[in-house]
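What follows is one structure encoded as structure tokens, with my remarks underneath.
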Amino acid sequence: MHIPDNYLSPSTCALMSAAMVPVWTRAVKKVKEEIPKVKIPSLGVGAAFSFLLMMFNVPLPGGTTGHAVGGTLIAILMGPYAACISVTVALLIQALLFGDGGILSFGANCFNMAFVLPFLGYFIYKAVKDNMKSEKGEYLGIILGSYVGINAAALCAAIEFGIQPLLFKDAAGQALYCPYPLSISIPAMVIPHLLVAGIVEAVFTLFIVIYIKKVSPGTMYEESDEKKNAIYGLLAFLICLTPLGLLATGTAWGEWGTEEIGSVVSGGKALGFVPQGMKAGVNFKALLPDYAVNGLPEIAGYLLSAIAGVAIFIIFFKVISSFKKDKAGGKLG
């Protein structure tokens, strides 16, 4: 679901980034006002959960791969505004450090995964929970919210992909950017998420929420060392499991490089060309592309990338908390 650079036109990227500015502004304001200093590091924990879940690639129908995001998970634990900040930071580090998602398309990726997913997922969760008023209702809300949230994000990405060949063509009538129209992009993105990725998202979300509520009821981050260690222990467990994401072969739909997109088969035939806008577009070189470390085996590089990413998130938000004045507060709703 990470849209790479050059699949969306620069104007589309600019529009999506502009759409996120008021969302980010509101989210930062809410976090500043309502999350106390002691709980700021919980945003780093949330970003770490999202980052690790996105490393667990799973095979999808059609020979592509996908992953969970964890946006609804963070929204349930800390509120949708905090989730927006956490997922945004996770996506930023993925793009800059690991080349997962584009730099120009960062705003579009945030719109899908840091805005649509956590806010829609959270409000569905809350509506079901408030209406059923039982533990079963809460669990059903978690499942429905996380499932619908990630599928809505996939639909948004599919629409962003699919409008490109309608709006941006060269003199010969060929697509300049993503070459697949809505009739291809929507089923290609949505059906696999409905069948597999959405279920994976729901299972991860339910498991982690139940675990955290058991070891640290009421909040994602407690001053108690025992509760903090239980949450960090879960992060360590997920880090150890991340190499399982390497078992899924194939490229995620819409994330092919220029060297392979021309040979991608859709509707029984290969595309046969590389869109000009993709050839001449941005070519950002990440430090550790594809979570690989030169000189290390693939599994070791993946593990090291997971550790580095989690450390960055934890340290970043602890540094942010050191600049914040202490005040009372609770979960952002």
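Some values worked out for this structure:
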| quantity | calculated |
| --- | --- |
| Shape category assigned to the stretch 26-74 from the gyration tensor of Cα positions, a/c cut at 1.5 | prolate |
| For the stretch 1-46: rounded, prolate or oblate by the Cα gyration tensor [a/c cutoff 1.5] | oblate |
| Simple spin-label estimate for GLU260 and ALA19 in nanometres, 7 Å along Cα-Cβ | 2.8 nm |
| Cα-Cα separations in the stretch 1-134 greater than 17 Å, expressed as whole percent | 60 percent |
| P(r) tail fraction, the chain - alpha-carbon pairs more than 28 Å apart, % | 39 percent |
| Anisotropy class of the stretch 82-171 from Cα gyration tensor, a/c 1.5 cut | oblate |
| FRET efficiency for ALA270 and ALA311, using Cβ-Cβ distance with R0 set to 35 Å, rounded to 0.05 | 0.25 |
| Cβ-based net charge around LYS285, under 14 Å, with every Lys or Arg adding one and every Asp or Glu removing one | -3 |
| Segment VAL28-ALA236, length gained on full extension (0.36 nm per residue, minus Cα span) | 72.1 nm |
| Relative packing of 281-290, 246-255, 82-91, which averages over residues the other C-beta atoms within 10 Å, highest first | 82-91, 246-255, 281-290 |
| LYS39 accessible area, 1.4 Å probe, all protein chains in place, Å² to nearest 10 | 40 Å² |
| Helix-only mean residue ellipticity at 222 nm for the chain, each DSSP H run of n ≥ 4 adding -39500 (n - 2.57), per residue, nearest 500 | -19000 deg cm²/dmol |
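The values are calculated or read from the model by the stated rules, or taken from the named source; none is laboratory data. Bear in mind the structure is a predicted one, so any value in this text is a computation, not a measurement. Heads up, the Cβs are rebuilt from the backbone with ideal geometry, glycines too, and the neighbour counts pull from every protein chain shown. Ligands, DNA and RNA are excluded from the accessible area calculation, which covers all protein heavy atoms including side chains. Shrake-Rupley method; radii C 1.70, N 1.55, O 1.52, S 1.80 Å.
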